[in-house]
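Below: the structure, in structure tokens.
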Amino acid sequence: MDDAEREELKARILDEIADTEERIMGLEKATEAVAPDKALGRLSRLEAMSDKSVNDAALSDARERLGQLEVALTKVYQAGFGICVTCEEAIAHERIMALPHASQCVACASKGRVR
């Protein structure tokens, strides 16, 4: 991976971090406790609780994604970044751009190979 690709990736990661932080803020609001007096009826309350559950899962995923992006950002300029940890070949630029935290190439990841 050359310096221009690293700069492009860094910019992409920073954009994704900003988007993910914004999504987290929205999901935090959506996952606030469902007050008993807010519902119009039993079904409405159950629907609100179901929505909260879905949003809780989405919030957890977004927080995990944010952590992965932050780690990837710290590694962009490290020597082994962009090299598959399993086969030690370069990870395709397109894969790194789509999944900056990817530590395996497509071939190794699809085979479930772990080193």
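Which ³J(HN,Hα) values in Hz, rounded to whole numbers, follow from the phi angles of the stretch 81-88 under the Karplus curve 6.51 cos²θ - 1.76 cosθ + 1.60, where θ = phi - 60° and Gly and Pro get x?
Karplus values, whole Hz, x for Gly and Pro: 5, x, 10, 4, 6, 8, 9, 6.
What Kirkwood Rh does the chain have if only Cα atoms enter the pairwise 1/r average? Answer in Å.
This gives a value of 16.4 Å.
Which order do Asp15, Asp2 fall in if you start with the one that has the fewest other Cβ atoms within 10 Å?
With the sparsest Cβ surroundings first, the list reads Asp2, Asp15.
Cys87's amide H: which non-local residues (gap 5+, or another chain) put their own amide H closer than 5 Å, with H modeled 1.01 Å from N in plane and none for Pro or chain starts?
Residues meeting the amide H criterion: Cys105.
Could you give each residue of the stretch 50-56 its phi-based ³J(HN,Hα) in whole Hz, using Karplus coefficients 6.51, -1.76, 1.60 with θ = phi - 60°, and x for Gly or Pro?
5, 4, 4, 4, 4, 5, 4
Can you count the Lys pairs in the chain with C-alpha separation below 24 Å, eight or more apart or on different chains?
Lysine pairs satisfying the spacing and distance rule in the chain number 4.
Have a look at Val54, Gln104, Thr86 and report the one farthest towards the positive end of the charge dipole of the chain, computed about the Cα centre with Cβ charges (Lys/Arg +1, Asp/Glu -1).
Selected residue: Val54.
Only Lys, Arg, Asp and Glu count, each charged at its Cβ (+1, +1, -1, -1), so figure out the dipole size of the chain about its Cα centre, rounded to 20 debye.
560 debye
List every residue whose amide H lies under 5 Å from the amide H of Gly82, counting only residues 5 or more places away in sequence or on a different chain, with H placed 1.01 Å from N in the peptide plane.
none
Since every read-out is calculated from the coordinates, none of them should be taken as a lab result. Please read all numbers here as calculations on a predicted model, not as lab measurements. Cβ coordinates were reconstructed from backbone atoms using ideal geometry, including for glycine residues, and neighbour counts include every protein chain displayed.
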